[in-house]
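Notes follow once the structure below has been shown.
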Amino acid sequence: MSVPRNIRTTFGFYPPEDSSAAWQASLESFTNAVERDFPDSVLERRVDSLRGVDVLDFDIEIAPDVWVTGTTAMPSPDYAYITVGNATADEAAVFAQWLRDTYLPSPGCVRFISSAAMENGEENPWPLPATGDAAAIEAVLRDHLAAAGVE
C-alpha cells in the first residue's frame, strides 16, 4: 500500500452553488467563532487589494502545534469564501470539520476545491461530506486530489 504524498496546497471552501446565501455568514460572526473556539488565533482584518472587499486573515492552532493560515471574505450574505493555504489534506480536514460542524448553519452546505487540482484542470468544487469525522473528510480531500492527478 502506498503512502499518500501529503502535499501542501490551498483549499478553498464555498457555499453551495445553488444556494450561495446558505452560510448567512459575516466577517464579524466568523471572527467571533474563531476567537471563541481558537483563543490563541491571530486575526487581521484588511482590504483585499484585488477585489476591494474586507477580508480576515487568520492563523489558527487546530491541534497542538498544528497551525493553519487562511483568509475569508464575506462581503454580503450571498457571497463568501474561506481559503486555508499551504495545508495538507489532514490539516485542512480538521479545519473543514470545525467549519461544517461548528460555524455553519447546516452540515450539507460546503463545497471545496484545491489550487493543486485547479492547476491540473479541475474547475468544479466538490461537496464536503455532511457527516463524518476529520478522517472521513480527509479521505474526500485526498480523493479530490487523486482525481485531479495530484496525489
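The values are calculated or read from the model by the stated rules, or taken from the named source; none is laboratory data. What you are looking at is a predicted structure, and each value in this text was computed from that prediction instead of being measured. Using ideal geometry, Cβ is built from the backbone for each residue, glycine included, and neighbour counts are taken over all protein chains shown. Heads up: the accessible areas ignore ligands, DNA and RNA and are worked out on the full protein's heavy atoms, side chains in. Shrake-Rupley method; radii C 1.70, N 1.55, O 1.52, S 1.80 Å.
Segment 87-145 to segment 6-57: how many Å between their Cα centroids?
Each part's Cα centre sits 15 Å from the other's.
Once the other residues with Cβ under 14 Å from the Cβ of Ala22 are scored (Lys, Arg +1; Asp, Glu -1), what is the net sum? Kindly include the intermediate steps, with their values, before the conclusion.
Numbers: positive: Arg100, Arg111; negative: Glu17, Asp18, Asp78.
Neighbour charge sum, excluding Ala22 itself: -1.
Carbon and sulfur: what percent of the chain's accessible surface (1.4 Å probe)? Mind showing how you got there, number by number?
Details: 3750 of 7620 Å².
Carbon and sulfur together cover 49 percent of it.
Given only helices, namely DSSP H runs of n ≥ 4 each adding -39500 (n - 2.57), what is the per-residue ellipticity at 222 nm of the chain, to the nearest 500 deg cm²/dmol?
Values: 4 runs with 40 residues, N = 151.
Helices in the chain give a 222 nm mean residue ellipticity of -8000 deg cm²/dmol.
Output the Cα-based Rg and Dmax of segment 99-151 in Å, rounding Rg to one decimal and Dmax to a whole number.
In order Rg, Dmax, the Cα atoms of segment 99-151 give 11.5, 33 Å.
For the chain, list the DSSP H helices whose alpha carbon atoms reach 18 Å or more along the long axis and whose average Kyte-Doolittle value is -1.0 or above? All intermediate terms of the calculation are to be shown ahead of the outcome.
Details: long enough: 134-147 (19 Å, 0.89).
The qualifying helices are 134-147.
Give the accessible surface of the chain per residue, rounded to a whole number of Å², with probe radius 1.4 Å and ligands, DNA and RNA excluded. Let's see the in-between values first.
Values: 7620 Å² over 151 residues.
About 50 Å² of surface per residue is accessible.
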